[in-house]
1. At R0 = 35 Å, how high is the FRET efficiency between Glu189 and Asp130 if r is their beta carbon distance? Nearest 0.05 is fine.
2. Once you put a point 7 Å from the Cα of Ser99 and another 7 Å from the Cα of Asp207, both along the Cβ direction, what distance in nm separates them?
3. At 1.4 Å probe size, with no ligands or nucleic acids counted, give the accessible surface of Asp72 in Å², nearest ten.
4. How much accessible area per residue does the range 39-130 have, counting only protein heavy atoms and a probe of 1.4 Å, in square angstrom?
5. Which three lengths, in whole Å and largest first, does the range 14-133 cover when its Cα atoms are put on their principal axes?
6. Computed over the Cα atoms, what is the radius of gyration of the range 83-208 divided by 2.2 N^0.38 Å, N being its residue count?
7. Counting alpha carbon pairs within less than 8 Å and at least 6 residues apart, what relative contact order, in whole percent, applies to the range 1-130?
8. Rounded to a whole number, what is D in µm²/s for the chain from Stokes-Einstein with the Kirkwood radius over alpha-carbon pairs (25 °C, 0.890 mPa s)?
Amino acid sequence: MSRTLLREDAYRALRDAIVKGTLLPGERLNDADLVEWLGISRTPIREALARLEQAGLVRTKPGRYTIVSPLDVRAVRDAQSVTAAMHELAVRQAVPNLSTAELEAMREANERFAAALRHDDADAALAADDDFHEVTVTASANQAVRAVLDQFTPVLRRVERLRFSSLSGRASVAQHQKIIELCAAGDAEAAAQASRANWETLAPLLDTLLAEPPDSTTS
């Protein structure tokens, strides 16, 4: 396997473990343990950790420690603002190009999303939510939007998982349906605004779940 592929596999495995809470905020990440867990060499793991640090999921102090970043109010709020703006742009650019099949894919993803919430399956809800928004991101054909979302969405997903484990995520089903209807009607501006509003609904959750001061690990 190429080093690029190994690095991508390591990144995805570590990212998903952080988002799902398998690796907890503040947990130390030891190279030797990660090599044993992932079954790949140290170099692609270190490269993956550098990428995770850039995304705000890992915090490193050279020669001392590498830890899973604690949930940080400011970092999550910044990621929310950027992500909401990118999805607004993606929808605005996608609507004129959306096919019947793509609209149906959005409907199907929202049905899976609703079913996952009914069954309190946060992982399935996140996967379906990703699939729903992926339709318009792909249809926008804007690689700059995708690059920004790839960097900042995982920061939000740590909080979204908590949201979809509670009743606070149920309103997103209706918001998704509204986005679909506006997309189907060809109203790009209204659909874009609805998409931005959907991502901005995280704000109340941040107020309640992230009220604690940021962790200040120093050793």
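The values are calculated or read from the model by the stated rules, or taken from the named source; none is laboratory data. Computed from a prediction, not measured in an experiment: that's the story for all the values here. In this analysis, Cβ positions are derived from the backbone assuming ideal geometry, glycine residues included, and neighbour counts consider all displayed protein chains. Accessible surface is based on the protein model in full, side chains and every heavy atom, while ligands, DNA and RNA are left aside. Shrake-Rupley method; radii C 1.70, N 1.55, O 1.52, S 1.80 Å.
1. Taking R0 as 35 Å, the efficiency between Glu189 and Asp130 is 0.90.
2. 4.3 nm
3. 40 Å²
4. Numbers: 4290 Å² over 92 residues.
Dividing the accessible area of the range 39-130 by its residue count gives 47 Å².
5. Reported extents, whole Å, longest axis first: 53, 30, 28.
6. 0.97
7. Values: 92 pairs, mean separation 25.6, N = 130.
The normalised contact order for the range 1-130 reaches 20 percent.
8. Details: Rh = 18.3 Å.
Roughly 134 µm²/s, to the nearest whole number.
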